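Quick note: the coordinates plus some simple rules give every number you see, no bench work behind them. Computed from a prediction, not measured in an experiment: that's the story for all the values here. Glycine also receives a Cβ, built like all others from the backbone with ideal geometry; neighbour counts cover every protein chain displayed.
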Amino acid sequence: MSASHRATIHLEDAEVLEVEEWPGRQYIMRLVAPQCAAHARAGSFAHVTCDPSLPMRRPLSLMRAEPSTGVIELLFKIIGEGLALLARRRPGETVSVLGPIGRPFAPSPGRSRPLLIGGGVGIPPMVFLAESLASRAAACRPLVLMGSEIPFPFAAAAARLPVPGLPDEVGAAMPLMESLGVPSRLASAAGFPGCYRGFVTGLAREWLQNLPADELAAVEIFACGPEPMLAATARLAREHGLPCQVSLEEFMACGVGGCAGCTVRVVTPDGPAMKRVCVDGPVFAAETVFP
């Protein structure tokens with residue numbers, strides 16, 4: 001692990017404020033973790049101890065971080081014993097948090113039309129990034145597209161913010177994005193009301209194809225979700241000649257670069273190389289992972 005990573009990763013016992021349950025065995029956990037909240041960036045994650053009985057931590061993307069209050073939010077879906085135990089934690093208990101970890105997204109100041117694509121448990125980094133972008137200059141106009149085949153971990157709202165280039169019947173949005181003034185739309189093959197019928201990358205394709213050339217040239221794509229979704233997003237970016245950053249999800253042991261158990265093959269100027277998702281990522285240029 002590099003010295004730069006050691007300087008920004010903090011270990012703290014975080015108090016549980018709230019555990020919110022959503023359909024599909026999804027949970028949003030709010031924790032008081034001041035050091036993590038102060039240093040977190042969109043795309044970074046926390047390595048969390050789920051229960052004292054389990055020594056191995058679990059990597060969870062940061063969905064929100066409020067430096068002023070020291071609160072962080074994590075969204076996770078129960079897969080296995082560890083996250084099932086984490087979901088049982090109650091307000092007032094403490095959870096060991098190691099974070100923030102990893103290289104975050106790096107938006108280009110010269111790209112004023114960021115397109116954020118989140119799928120399933122890949123939604124959290126997109127929420128974090130959208131909040132960060134919303135605080136930038138008014139000239140930055142992000143669009144957030146989210147896909148899920150199970151109910152979304154929020155109550156969808158009827159969109160108030162228009163998105164030219166998308167079908168009128170696609171009108172479901174995330175309320176938090178609406179409150180930030182960031183347009184969003186939802187996609188699902190499950191037939192949820194107001195959602196685009198199909199993959200979220202199909203919805204992204206429709207938007208990109210209908211953009212005027214000058215606006216298309218200002219687009220930069222950011223994505224997090226299942227690997228097939230990320231591969232499809234990388235292809236979409238390549239077809240339109242757009243820069244694209246993807247956040248990878250990988251099983252991890254140490255989470256800080258020591259064990260090299262989360263390596264992925266990437267393309268570098270010197271040829272193929274193995275990179276650690278935890279500290280060399282989780283954010284990579286899409287073309288290096290999906291050439």
Free-standing Cys residues across the chain, given no other cysteine C-beta under 4.7 angstrom: Cys36, Cys50, Cys140, Cys195, Cys224, Cys244, Cys262, Cys278
Cα centroid of segment 56-122 to Cα centroid of segment 194-249, whole Å: 22 Å
Alpha carbon centroid spacing (whole Å) that separates segment 268-285 from segment 26-54: 24 Å
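Taking 0.36 nm per residue of separation and subtracting the Cα-Cα distance, what length does fully extending Glu20 through Met274 add?
Between Glu20 and Met274, full extension yields 87.7 nm more.
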Local electrostatic count at Cys50 - Lys and Arg +1, Asp and Glu -1, tallied over other residues with Cβ under 15 Å: +3
Segment 3-101: relative contact order from alpha carbon pairs under 8 Å, six or more residues apart, as a whole percent, is 40 percent
Nearest 10 degrees, 0 to 90: helix 200-209 Cα axis against the chain principal axis: 40 degrees
Using the Cα atoms as the points, what is the convex hull volume per residue of segment 3-101 in Å³? 91 Å³
Distance between modelled label sites at Arg111 and Lys77, nm, 7 Å Cα→Cβ extension: 2.6 nm
The Cα extents of the chain along the principal axes, largest first and rounded to whole Å, are 53, 47, 34
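Would you please give the FRET efficiency between Ser135 and Arg160, computed as 1/(1 + (r/R0)^6) with r the Cβ-Cβ distance and R0 = 25 Å, to the nearest 0.05?
That gives a FRET efficiency of 0.80.
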Between Ala155, Ala42, Ala130, where does the largest GNM mean-square fluctuation fall for the chain, given springs only between Cα atoms within less than 10 Å? Ala155
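Expressed in nm to one decimal, what extension gain is obtained for the pair Ala190 and Glu227 from 0.36 nm per residue of sequence separation less their Cα-Cα distance?
Numbers: separation 37, 0.36 × 37 = 13.32 nm, distance 1.97 nm.
That works out to 11.4 nm of additional length.
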With everything on Cα atoms, drop me the angle between helix 227-240 and the longest principal axis of the chain, reported from 0 to 90° to the nearest 10. 40 degrees
With just the Cα atoms of segment 94-188, tell me how far they stretch along each of the three principal axes, in Å, largest first. 44, 36, 19
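Count charges around Arg111 for me, please; just the other residues with Cβ under 12 Å from its Cβ, Lys/Arg as +1, Asp/Glu as -1.
Net local charge, Arg111 excluded: +1.
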If the label point is 7 Å along Cα→Cβ of Asn210, which residues in segment 135-168 have backbone nitrogen under 11 Å from it? 163-168
Taking only the alpha-carbon atoms of segment 72-143, the convex hull volume per residue, in cubic angstrom, is 120 Å³
With charges only on Cβ, +1 for K and R and -1 for D and E, what is the dipole size of the chain about its Cα centre, in debye, rounded to 20? 300 debye
In whole Hz, with x marking every Gly and Pro, tabulate ³J(HN,Hα) for segment 259-276 from phi via Karplus 6.51 cos²θ - 1.76 cosθ + 1.60, θ = phi - 60°. 8, 6, x, 10, 6, 10, 7, 10, 8, 10, x, 9, x, x, 8, 9, 10, 7
Cα axis of helix 123-134 to longest principal axis of the chain: angle in degrees, 0 to 90, nearest 10? 70 degrees
